[in-house]
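Comments concern the structure below.
The values are calculated or read from the model by the stated rules, or taken from the named source; none is laboratory data. What you are looking at is a predicted structure, and each value in this text was computed from that prediction instead of being measured. No Cβ is skipped: glycine too gets one built from the backbone with ideal geometry, and neighbour counts run over all protein chains shown. The accessibility values were calculated without ligands, DNA or RNA, using every heavy atom of the protein model including side chains. Shrake-Rupley method; radii C 1.70, N 1.55, O 1.52, S 1.80 Å.
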Amino acid sequence: MENRKKILLIIPAYNESEGIVEVIQNIKEYQEESPYLLDFIVINDGSTDNEEEILINNKINHVRLIQNLGIGGAVQTGYKYALENDYDIAIQYDGDGQHDIKSLSKLVEPILNGTVDFTVGSRFTSDSSSDFKSSFMRQAGIRWLSALVKLVTGFRVRDITSGYRAGNKKVIKQFSEHYPVKYPEPESYVYLVRRKVRIQEVGVKMFERQTGKSSINPWSGVKYMINVSSAILVESLLGKK
Amino acid sequence: MPLQLRIIAIIVSLFFLVYLTVLVKKNKTSAMQIRKWFLLSVLIILGIVFYDLGSKIALFLGFNSYSSFTLFILILVLLLFTFKLQLAAVNSDRQIKTLVQEISLMKQKEEGRDNKS
């Protein structure tokens, strides 16, 4: 009798027509060799390029959001899909080729062992094999946000903006109900720690973005830092337990 | 406050009241939705008509002048209106997000694009 846990890869994708097929191809190759019961769902976040056409033509399992919701809304849709289809573990996985599918076991094993509820793939832990660590300015911003989250929660996450994360059913249920919309990765740690979710940071491999464009530029970077910092502080002061 | 300014303020408030009434009659809004603005206009008119009483209240509360008092009250009221609008907008955002997600997931189920392993 099949006793393996059902694992879902949530792949938010906005205007990733250029590289999404290659990303899915890598996943399918991994599916064949991996010991896990692994599925994936691409969340087409109201893309304005021909991403939808490519997903349909290549018969890629996906949800097309009828309106662009941003990264938070798209990922939450994936969590809702995971909840509806009774997945045991959900993993956030970028649709731009930045995440290494072969690092997936590092995210999944601690959850399967029952030692933690949520794992974060990190470029900055000692066991990370990632050569790509982002630009100097971004690293400085990441350090600042990491220190701020540590200050308000007592919990340290080095790679606080990492979108390569995995959660068990407890996390799936919580994120289906509430997932930060604008700055989900840093904000969500305050939310999870308050709810006594056990979190572990694990080293993974990441690559430089292969296709598409980042939404963060130098000017929006400063705005991002101010907004995320204030969101973290307000969530920690006012967020419900 | 000079008499000319009081007359202008009353005329402007009355015009605004008439405008609100026309909007309701033409079904562009409902009385329920604009009642706050209606009440505010009535209060402004009353404040001008009973100018002397208003001045006594302002002095009693420690304001230097009736103008300062009315400005303070108006700003408070507008801040409250703005805050309530912000809450309504946030709530609408949340509802729209949920609707988009639920409809998109339903469409995915119906169109049978599931290729689960």
### Task
Treating cross-link reach as a plain straight distance, find the aspartates and glutamates whose alpha-carbon is under 12 Å from the alpha-carbon of B:Lys107, omitting any fewer than eight places away in the same chain.
none
### Summary
Once B:Trp37 and B:Leu14 are pulled to full extension, the length gained, defined as 0.36 nm per residue separation minus their Cα-Cα distance, is 7.1 nm
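How high is the FRET efficiency from A:Gln67 to B:Arg6, r the C-beta distance, R0 51 Å, rounded to 0.05?
On the way: r = 50 Å, r/R0 = 0.98.
In this case the efficiency is close to 0.55.
Over both sides of the B-A contact, add up the buried accessible area with a 1.4 Å probe and give it to the nearest 100 Å².
Numbers: alone 9790 and 12140 Å², together 20190 Å².
Using a 1.4 Å probe on protein heavy atoms, the buried area is about 1700 Å².
Full-extension gain between A:Val222 and A:Glu52, please, as 0.36 nm times their residue separation minus the C-alpha to C-alpha distance.
Numbers: separation 170, 0.36 × 170 = 61.20 nm, distance 3.27 nm.
Gain on stretching A:Val222 to A:Glu52: 57.9 nm.
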### Derived scalar couplings ³J(HN,Hα) [the stretch B:32-37; Karplus, 6.51 cos²θ - 1.76 cosθ + 1.60; whole Hz; x for Gly, Pro]
4, 6, 9, 4, 4, 5
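Say the cut-off is 19 Å between C-alpha atoms; which of A:Lys28/A:Lys169; A:Lys59/A:Lys182; A:Lys182/B:Lys109; A:Lys80/A:Lys196; A:Lys6/A:Lys80; B:Lys28/B:Lys97 go over it?
Numbers: A:Lys28/A:Lys169 24 Å; A:Lys59/A:Lys182 30 Å; A:Lys182/B:Lys109 27 Å; A:Lys80/A:Lys196 21 Å; A:Lys6/A:Lys80 15 Å; B:Lys28/B:Lys97 26 Å.
In this structure, A:Lys28/A:Lys169; A:Lys59/A:Lys182; A:Lys182/B:Lys109; A:Lys80/A:Lys196; B:Lys28/B:Lys97 exceed 19 Å between Cα atoms.
Can you give the average number of partner chain beta-carbon atoms within 10 Å of each beta-carbon in peptide A:38-47, as a whole number?
Mean partner shielding for this stretch: 2.
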### Query
Is the shape of chain A rounded, prolate or oblate, going by the alpha carbon gyration tensor and its root eigenvalues a ≥ b ≥ c, with a/c under 1.5 for rounded and a/b larger than b/c for prolate?
rounded
### Task
Please label the shape of the stretch A:88-160 as rounded, prolate or oblate, based on the square roots a ≥ b ≥ c of the eigenvalues of the alpha-carbon gyration tensor (a/c under 1.5 means rounded; beyond that, a/b larger than b/c means prolate, else oblate).
oblate
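Counting other Cβ atoms within 10 Å, which trypsin sites (Lys or Arg not before Pro) in the stretch B:14-116 have at most 10 and lie in a DSSP loop? List each step's numbers first, then the result.
Working: sites: B:Lys25, B:Lys26, B:Lys28, B:Arg35, B:Lys36, B:Lys56, B:Lys84, B:Arg94, B:Lys97, B:Lys107, B:Lys109, B:Arg113, B:Lys116; in loops: B:Lys26, B:Lys28, B:Arg113, B:Lys116.
Taking the stretch B:14-116 and a limit of 10 other Cβ atoms within 10 Å, the loop trypsin sites (Lys or Arg not before Pro) found are B:Lys26, B:Lys28.
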### Task
Report the paramagnetic label zone for B:Lys56: residues of the stretch B:1-34 whose backbone N is under 18 Å from a point 7 Å from Cα along the Cα-to-Cβ axis.
B:1
### Query
Hey, which lysines would be in cross-link range of B:Lys26, C-alpha to C-alpha under 25 Å, not counting anything within fewer than 8 residues on its own chain?
B:Lys36
### Query
Is the shape of the stretch B:1-90 best called rounded, prolate or oblate, per the rule: a/c under 1.5 gives rounded, else a/b larger than b/c gives prolate, else oblate, with a ≥ b ≥ c the square roots of the Cα gyration tensor eigenvalues?
oblate
### Task
For the stretch A:32-169, state what percent of all Cα-Cα pairs lands in each successive 5 Å bin, counting from 0 Å until the bin that includes the largest distance.
2, 8, 15, 19, 20, 17, 12, 5, 1, 0
### Summary
Nearest-0.05 FRET efficiency for A:Phe207 and A:Asp127 at R0 = 25 Å, using Cβ-Cβ distance, is 0.90
### Task
With springs connecting C-alpha atoms under 10 Å apart, model chain A as a Gaussian network and identify which of A:Tyr87, A:Tyr36, A:Tyr189 has the largest mean-square fluctuation.
A:Tyr36
### Task
May I ask you to list the GluC sites (Glu not before Pro) in the stretch B:16-117 that are in a DSSP loop and have at most 13 other Cβ atoms within 10 Å of their Cβ?
B:Glu111
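Trypsin sites (Lys or Arg not before Pro) within the stretch A:27-114: which are DSSP loop residues with at most 14 other Cβ atoms inside 10 Å? Don't jump to the answer; show the numbers that get you there.
On the way: sites: A:Lys28, A:Lys59, A:Arg64, A:Lys80, A:Lys102, A:Lys106; in loops: A:Lys59.
Those satisfying the criteria are A:Lys59.
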## Note on the structure
Check: C-alpha center the stretch A:154-205 vs C-alpha center the stretch B:51-117, spacing in Å is 29 Å
### Task
Would you tell me the mean number of C-beta atoms belonging to other protein chains that fall within 10 Å of each C-beta in A:56-65, as a whole number?
4
### Message
Give me the one-decimal nm value for the distance between modelled label points at A:Gln139 and B:Leu85, 7 Å along each residue's Cα-to-Cβ direction.
### Response
4.6 nm
